[in-house]
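Student: The structure's right below; bear with me while I get my questions together.
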Amino acid sequence: TCVAYAVAQLCAGMLRLRYAVPILEGQMAVLMASYSNSWNGTTPPEFCRRWNAAVSEHAIGVPDMSNDAVYQFKIECTELDFEQAYQLAKRYNGTPSACVRVKMNQGSSTTHVLAAYDVF
């Protein structure tokens with residue numbers, strides 16, 4: 001579910017920044033996770049493929065905070081090297097702009113996905 005929450009933060013942040021659309025991130029994350037089958041773990045690219053398929057097949061969308069409109073969108077997932085990701089996060093500093101996959105324990109194959117808000 002960490003992928004769903006990170007992607008939801010990213011999408012909500014970009015919808016606010018680009019279109020001034022207020023979205024509840026938690027509500028979006030639950031909706032996204034339920035359609036992308038990510039409860040047992042997934043990668044960001046696989047999550048995006050599943051979400052995009054669900055949007056196409058079920059015409060699902062995310063409501064704004066006032067429930068006046070529903071927004072449908074697909075997600076493009078691009079893997080960046082560290083410098084590219086850093087520059088992207090720097091460009092949108094304060095708004096989630098990239099998902100970052102980190103290894104929590106050095107010897108483990110398990111990873112965790114977070115939304116990048118700020119760079120230093």
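Every number here is computed from the coordinates shown, using simple stated rules; none is lab data. Keep in mind that this is a model prediction, so the values were computed, not measured. Reconstructed Cβ throughout: ideal geometry from the backbone, glycine too, with neighbour counts over all protein chains shown.
Student: Loop only per DSSP, at most 11 neighbouring Cβ atoms within 10 Å: give me the GluC sites (Glu not before Pro) in the stretch 1-84, ordered by residue number.
Tutor: Counting only loop positions with at most 11 other Cβ atoms within 10 Å, the GluC sites (Glu not before Pro) in the stretch 1-84 are E76, E79.
Student: Could you tell me which trypsin sites (Lys or Arg not before Pro) in the stretch 1-100 are loop residues by DSSP with no more than 13 other beta carbons within 10 angstrom of their beta carbon?
Tutor: Here the trypsin sites (Lys or Arg not before Pro) that fit, given the DSSP loop and packing criteria, are K74.
Student: Mind pulling up the Rg/Rh value for the chain? Radius of gyration and Kirkwood radius, both on Cα.
Tutor: Computed over Cα atoms, the ratio is 0.97.
Student: Normalised by the residues of the chain, what does the relative contact order come to in percent, with Cα pairs under 8 Å and at least six apart?
Tutor: 27 percent.
Student: Okay, next question. What does the net charge come to around V3 if you take all other residues with beta carbon closer than 11 Å to its beta carbon, with K and R at +1 and D and E at -1?
Tutor: +1
Student: Another question about this same structure. May I ask you to list, by number, the DSSP H helices of the chain whose Cα span along the axis is at least 15 Å and whose average Kyte-Doolittle hydropathy reaches 0.5 or more?
Tutor: Sorted by number, the helices that extend far enough and score high enough are 2-19.
Student: Then there is this: Using DSSP to define loop residues, name the chymotrypsin sites (Phe, Trp or Tyr not before Pro) in the stretch 1-46 whose beta-carbon has at most 16 other beta-carbon atoms within 10 Å.
Tutor: W39
Student: Report the net charge of residues surrounding G61, where surrounding means a beta-carbon distance below 15 angstrom and charges are Lys +1, Arg +1, Asp -1, Glu -1.
Tutor: So the surrounding residues net to -2.
Student: Quick one: net charge around V21, please, counting Lys, Arg +1 and Asp, Glu -1 for every other residue with C-beta under 15 Å from its C-beta.
Tutor: -1
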